[in-house]
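S.K.: Take a look at the following structure, please.
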Amino acid sequence: MNTKTQQAISNYINSKKELSFDGIDRSKVYNSVIAFIEKGGNPRTYTEEIMQFTGYEYDLCNDILLNSLKKYQAITTKEKMIAAGILAFEWSDSGDKRVCSYCSQRNGKVYFFSDNPVFPGELEGCRCIAYALDEFELADYLNKSI
Ligand SMILES: [Zn+2]
């Protein structure tokens with residue numbers, strides 16, 4: 001895992017109000033999250049570890065774990081696309097009733113990495129996906145938008 005990704009996960013954990021109390025060692029939570037992402041395994045095991053470190057109930061600890069994973073996946077996917085020379089992606093929401101208005105407004109729209117857009121999955125709880133546009137799809141899109 002690169003430094004940028006570690007920083008993003010660390011920022012996420014530090015942003016959780018529930019973890020900002022004295023007596024909660026956020027570095028332990030961080031280490032559990034990183035171990036889960038790097039080694040994999042049963043999320044329940046890591047969730048229970050986080051429960052021990054924080055004293056919080058299962059659902060909250062599981063959210064912290066899985067949201068961290070989603071954030072990691074979003075950052076990694078974005079980096080892979082950029083490294084592969086992809087210039088733009090199409091936002092795709094989950095198409096169900098749980099999609100928030102922020103995401104549904106973005107559904108089907110095309111975003112260019114050069115504009116440094118929010119990437120699907122970066123925001124907490126976001127289940128959206130980015131479809132990379134290949135050069136033909138991009139040319140198609142540009143032709144239509146003229
Ligand atoms: Zn979303």
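S.K.: Quick one: how many residues across the range 21-39 are touching a helix residue (DSSP H, G or I) at 6+ places or on another chain (Cβ under 8 Å) and either assigned to a loop (DSSP other than H, G, I, E, B) or loosely packed, with under 15 Cβ neighbours inside 10 Å (or both)?
M.R.: 4
S.K.: Filter the range 43-68 down to the residues that are aliphatic (A, V, I, L, M) and surrounded by fewer than 18 Cβ atoms within 10 Å (Cβ to Cβ), then identify the one that is farthest from Asn31 (Cα to Cα).
M.R.: Result: Leu60.
S.K.: May I pose another question? Which condition does Ser92 not pass, out of (1) within 13 Å of the ligand (Cβ to nearest atom); (2) surrounded by 18 or more Cβ atoms within 10 Å (Cβ to Cβ); (3) at pLDDT 95 or above, if it passes all the others?
M.R.: Of the numbered conditions (1) within 13 Å of the ligand (Cβ to nearest atom); (2) surrounded by 18 or more Cβ atoms within 10 Å (Cβ to Cβ); (3) at pLDDT 95 or above, the odd one out for Ser92 is (2).
S.K.: Six or more apart or on different chains, Cβ under 9 Å: which pairs go from a residue in the range 99-113 that's touching a residue at least 40 places away in the same chain (Cβ under 8 Å) to one that's in a helix (DSSP H, G or I) and more than 10 Å from the ligand (Cβ to nearest atom)? Could you list them?
M.R.: none
S.K.: Are there any pairs with C-beta distances below 7 angstrom linking a residue in the range 8-26 that is on the phi < 0 side of the Ramachandran plot to a residue that is at pLDDT 95 or above and part of a loop (DSSP other than H, G, I, E, B), with the two at least 6 apart or on different chains, and if so which?
M.R.: Glu18/Tyr56
S.K.: Additional query: Of all the strands (runs of 3 or more DSSP E) wholly in the range 58-146, which have at least 2 residues that are under 28 Å from Phe36 (Cβ atoms) and touching a strand residue (DSSP E or B) at 6+ places or on another chain (Cβ under 9 Å)?
M.R.: Because the criterion is at least 2 residues that are under 28 Å from Phe36 (Cβ atoms) and touching a strand residue (DSSP E or B) at 6+ places or on another chain (Cβ under 9 Å), the strands (runs of 3 or more DSSP E) in the range 58-146 that meet it are 88-92, 129-132.
S.K.: Let me ask you something else. Can you tell me which residues in the range 111-131 are more than 11 Å from the ligand (Cβ to nearest atom) and surrounded by fewer than 18 Cβ atoms within 10 Å (Cβ to Cβ)?
M.R.: Passing the criteria: Phe112, Phe113, Ser114, Asp115, Asn116, Tyr131.
S.K.: Val110 - would you say it is modelled with pLDDT under 95, β-branched (Val, Ile, Thr) and outside the structural domain of Ala35 (by TED's automatic domain parsing)?
M.R.: no
The values are calculated or read from the model by the stated rules, or taken from the named source; none is laboratory data. From a predicted model like this one, the values you see are computed outputs, not experimental measurements. When we count neighbours, we look across all protein chains shown, and the Cβ atoms used for this are built from the backbone with ideal geometry, even at glycine.
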